[in-house]
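Shown next, in structure tokens, is the structure this report addresses.
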Amino acid sequence: MTRLLLAFCLLCCSNAQQTPTFKIAGHVVLHPGDRPVHGAKVSLTMVQHRDRQLSAVSGENGEFLFYSLPAAKYQLRVEYRGAGQFFHDLEGFSTAIAVGPNIDSERIVFPLSVGGSISGSLVDESGDPISGAIVYLFHRTVSRGLYQTVSAGQTNTGSTGTFHFGHLAPGTYYVAVTGRPWYARNENPQLDVAFPPTYYSGGTSPEAATPITLEDGAKSEIQITLRAVPAVHISLAGLAENQQVQTSLSQIGPGGARINVGGYGGNGLISVAPGNYEVSANVLNQNEWSEIGSQAVKAGGDSTLHLGDSVKTSIIGKVQADGDLPPGLALWISNIANGETSWIPIGKDGSFNNSRTAPGRYSLLMGNTNEFYIQKLTVEGASYTNGVLEVANGAQVNLNITAAKGMTNIDGIALDGKSPVAGAMILAIPQDSLRAKYTPRDQSDSDGTFTLAELPPGRYTIVAVDDGRNLAYAEPGVITPYLAAGQVVDVPLANGSKLAIQVQHRR
Amino acid sequence: MTRLSPQMFRIFFLLLPSALVSAQVEPPHHTITGTVVNALTGEPIRHALVDLHGIVQKSALTGPDGRFQIEDVAEGQVMFSAQKPGFFDPNSLPASQWSPSIPWSTVGSAKNDFLLKLLPGARLLGRVTNSDGEPLEGASLHILNERAWQGHKQWANNSVNADEDGLFRADDLTPGRYVVFAHGPQAEVTAPAYYPNAPDIESAQAIDLRPGQEFRADFRLRSERGYRVTGQILGVPSTNGVGLSFQNADGETLQFQVSFDAANGQFVAPSVPSGTWTLLAFAGDNEGHQYQARQEISVNHADVANVQIMLHPNAVIPVTVNHSTAPSAGVEGSIVATLISVDQPIFQMNGMQQQGDPPVLSFLNVTPGKYKLDVQGYAHECLESAWYGSIDLTHDYLLLGPDAGVQPIVINLRADCATLTAKLRPADQQRAGVVLIVPTSSIAEPKVLQLQPQQPNQTFNRIPQSLPLSPGAYQVYAFTSPEGLEYSNPQVLRAYPSQSVTLAPGQNTELTVELSEPK
């Protein structure tokens, strides 16, 4: 039996008696396995009026029912056991349910992915649990059409040395660990030891990390042994007498993501396992901490680090536009290798400054706006090719951006012959190399319709693919075979025109 | 049996080197050995860390047989501490049957072989499900450990969350009395409960954990319908946002979802189960002032709308101290004054701070409530009277309303203090202890006088064993340790032997006390 918690008046318009109404009904099943899910919270949100919501609880056989719904599109969401999921959720895009005359919206099967998990325990060379260690999880995946190794979580081990990552999508994962032996004592040479950053299944370099392949819903259990080694010491030079300094050590992990490594010791001295690190430092000047940059260190034995050799990597620049810039405007930069993103605030006068940029390859967008796009870009201090800004360590990058208004939406329908296709991935592949790494995207709703939002003017090839999971569409070698059957359009489209796109099968 | 509290443990370390250095004779050095064992089973513990605290601190790890060796240790008194994951050192415990009777060891010319004992930690684990038996992932478990701190009973809180299967565990717990509180995740509305299924802490089952014990506490939280609680926070001081949380009557913070719209001050808590809750709102302005408001909300199987909560700045109460003689440099710091809340489920106290030049003494960030003032004078001054307007704070409580104006607290000190000197019976001279001096003619907190053990070969003792006291009537108690003892509660102290004493102005009284073991 379905227990309905209806907020009827929220959805119905005032003349509900004269307006035909419709139902959304279906079942929630676990995926994989197709077992009915009893007791899940099922929510509907009207796409055009997001404040109008309904919710119900699935019955014994996973069934749910919403009735008296006006014709519209609804986003469907299920929450169960602390996790939530939209209908056919893929990277934030989902398939909305259309209701109206001649649309079947009463036989929905909501496949609820239970997600997998990676659990484990950390022990030292004596078999003792390691508490207080930091465990990093990385996911090798396709994100926004790019192959990336992204951070998928971080946790601390408890007193029993155990850790757990739940609700994981199927795919390839890496685990890295940093910590300190619980018995380490800097003042005792025999106990002056450290753990090197360690990657599952025990290697101490990112290249030696062993991938963990997680099937849908699978539970993986691992054990990692950390082996203490004699610590090496890095003395800091270049400090004024009694000047306080804060240092942080990091190592580049899988995909280029940063792993923080604790360096222990007094002011001006770092005690750490031998290895390659990036050392960043802040010093106290007249009661204010100031950042002095970072430098790479190969710690093979006791050594001295000259703080004066530190460098800062920065991105500064200016945005110019006709008319005033809106408040809150930002430059959004995204690391192509690991998905790490930064928002660089843009001032009223269009200037921006970010002195904490990590070296890497970035794509750029105007952020916090649905009006402005990057029309023109000139770059000093870095290269910008095919939509990728390549920032070297210590680079002082200066961007001159011309922003313009005029982004538009494209509406259309995804078809297989004449039949609408639900859940297809719709891509607008830009032909302008300035935007080569940013692809506007949508997912067709249950009636096959879609909206590609906020497209800058220009020529695009519109491509529809029936199964977009893990499709690296931003990689030229992957998308090229689909372009031939795509539809080339010049944006903005003529007023009121809509696209009809034939859906291609996944290659 | 003598027990050393963690505080006294530290004091002892501070004392020891100076006591030995004072002899100014380089003592002979020895190699010492020892074994670390499981105190319950006697089994040796491998790879345990032994720290030796003496003139110089030294460390060693035990081998596979639990044995350790430390070279070049100066003759004299030392203290050992040992560590091993999953175990704890009995020295670190509050007074209990697990604490060692003698806290230090002597390194001498004879065989220096020592036995160190570690206790295995206890564990609480269980599973949290809803009415249908489905696991409640993300349910929060508050592991509450009964403690007495500064003589006040309180529950130390350690939280863990249930995993996808509803399972939770809390390891390495020290022995003592525990209560477990569970409440469901935001995604699913359930009625919070104390183990096994009690609505409040008073009716909860106390779990007395012994070292190494494992206790299973399963919860089946009743699935409930959630109701919508909406309203507005008024008096928001800045755009920095407002913190909102729900608490139950025992002061436990709950995870009910609540959102706040800074633009209009409206808040929405969409799924609150039926019950009586306290909504706590707090904020800060750009000048560093804290604001707070509490409002009780009764959800009785229906939505609650139009709740209005007015934020008020927490009070800053200036303090005027009238010394008995003209103050000399630093004399303002020669009293310690504290406001102790007496109407909150969680023990809170505000210390006094000194600000600016010239110095102004004040209690900062005082939230509305009922308080007791406690003053301890030093430098031969003691409390004569304390006033908040016309309220005599030596006999009455300070009641602070949410938006009432604040008056200064006036503290008058006197110089004709009485002095109470306590000494232990000869048989107890080498034991540590505390003397509690409980005023019977005012509401002031008991005064605590630490008695340090007399060391062998120690010719002086730096810790004073007397206190300047306001003239009046007192009950005097003596304990091996105040740790774990709810000594601010007269009912608790009534079970122990005591001596009555009435102190006249300027009177010096010496008492010989007999140490009691706290129960």
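Rounded to the nearest whole Hz, the Karplus-based 3J(HN,Hα) values (6.51 cos²θ - 1.76 cosθ + 1.60, θ = phi - 60°) of the stretch B:267-279 follow the sequence 10, 9, 10, x, 9, 10, x, 4, x, 9, 10, 10, 8, with x at glycine and proline.
Residue order for B:I32, A:I346, fewest other beta carbons within 10 angstrom first, comes to B:I32, A:I346.
Arranged from fewest to most other beta-carbon atoms within 10 Å of their beta carbon, B:I443, A:I374, A:I336 become B:I443, A:I374, A:I336. Residues whose amide H lies under 5 Å from that of B:Y227, counting only those 5 or more places away or on a different chain, are B:V272; hydrogens are built 1.01 Å from N in the peptide plane. Rounded to the nearest 0.05, the FRET efficiency derived from the C-beta distance between A:E291 and A:T155 at R0 = 25 Å is 0.35. In summary, the lysines within cross-link reach of A:K73, defined as a Cα separation below 19 angstrom excluding same-chain residues under 8 places away, comprise A:K23, A:K498.
As a rough footprinting exposure proxy, the listed residues B:E486, A:E291 were ranked by other beta carbons within 10 Å of their own, and the order from fewest upward is A:E291, B:E486. Around the Cα centre of the protein assembly as shown, unit charges on the Cβ atoms of Lys, Arg, Asp and Glu (plus for the first two, minus for the last two) sum to a dipole of about 820 debye. In this structure the amide hydrogen of A:A231, modeled in the peptide plane, comes within under 5 Å of the amide hydrogens of A:V193, A:A194, none closer than 5 places in sequence on its chain.
Couplings 3J(HN,Hα) for the stretch A:430-442, derived from phi with the Karplus relation 6.51 cos²θ - 1.76 cosθ + 1.60 (θ = phi - 60°), are x, 8, 8, 5, 4, 10, 5, 9, 10, 10, x, 8, 8 Hz, where x marks Gly and Pro.
Of all lysines in the structure, those lying under 24 Å Cα to Cα from A:K318, and not within fewer than 8 positions of it along the same chain, are A:K348, A:K376, A:K405, A:K437. Near A:K437, no amide H atom lies under 5 Å from its own; only residues 5 or more places off or on other chains count, and H is placed 1.01 Å from N.
Along the axis of the charge dipole computed for the protein assembly as shown (Cβ charges of +1 for Lys and Arg, -1 for Asp and Glu, origin at the Cα centre), the listed residues B:G151, B:Q499, B:S385 are led at the positive end by B:G151. Ranking B:L221, B:T394, B:V513 by Cα position along the charge dipole of chain B, where only Lys, Arg, Asp and Glu carry charges on their C-beta atoms, puts B:V513 farthest toward the positive end. Once C-alpha pairs closer than 8 Å and six or more residues apart are averaged by separation and normalised to the residue number of the stretch A:308-377, the relative contact order reads 37 percent. Whole-Hz Karplus values for the stretch A:305-312 come out as 10, 8, 4, x, 7, 5, 10, 10 Hz, taken residue by residue from phi with 6.51 cos²θ - 1.76 cosθ + 1.60 and θ = phi - 60°; glycine and proline positions read x. Expressed to the nearest 5 percent, the antiparallel share of DSSP beta bridges inside the stretch A:314-405 is 80 percent.
Would you mind classifying chain A by shape? Square roots of the alpha carbon gyration tensor eigenvalues, ordered a ≥ b ≥ c; an a/c under 1.5 is rounded, otherwise it is prolate if a/b is larger than b/c and oblate if not. The shape class here is oblate.
Other residues with beta-carbon under 15 Å from the beta-carbon of B:H47 carry, at +1 per Lys or Arg and -1 per Asp or Glu, a net charge of -1. Summing Lys and Arg as +1 and Asp and Glu as -1 over all other residues whose Cβ lies under 12 Å from the Cβ of A:E91 gives a net charge of +1. Here the contact order of the stretch B:462-516, divided by its residue count and restricted to Cα pairs under 8 Å and six or more residues apart, works out to 50 percent.
Positive end of the dipole of the protein assembly as shown (Cβ unit charges, origin at the Cα centre): among B:A262, A:F195, B:P27, the Cα lying farthest that way belongs to A:F195. Prolate is the label for the protein assembly as shown. Its Cα gyration tensor axes, ordered a ≥ b ≥ c, give a/c of at least 1.5 and a/b above b/c. For the stretch A:408-502, rounded, prolate or oblate, judged on the Cα gyration tensor with a ≥ b ≥ c (square roots of eigenvalues), a/c < 1.5 rounded, else prolate if a/b > b/c? Since a/c reaches 1.5 but b/c is at least a/b, the shape of the stretch A:408-502 is classed as oblate.
Treat every Asp and Glu Cβ in the stretch B:212-351 as -1 and every Lys and Arg Cβ as +1, leave all other atoms uncharged, and give the resulting dipole magnitude about the Cα centre to the nearest 20 debye.
Magnitude of the dipole: close to 320 debye.
Its relative contact order, with pairs defined as Cα atoms under 8 Å and 6+ residues apart, puts chain A at 10 percent.
Taking label positions 7 Å along the Cα-Cβ direction at both B:V307 and B:I443, the computed distance is 3.0 nm, reported to one decimal. Each Lys and Arg adds +1 at its Cβ and each Asp and Glu adds -1 at its Cβ; summed about the Cα centre, chain B shows a dipole of about 1080 debye.
Any read-out appearing in this document is the output of simple, stated calculations on the displayed coordinates, not a laboratory observation. Treat the numbers as computed from the prediction; the structure is a model and nothing was measured. As a convention, Cβ positions derive from the backbone with ideal geometry for all residues, glycine included, and neighbour counts pool all protein chains shown.
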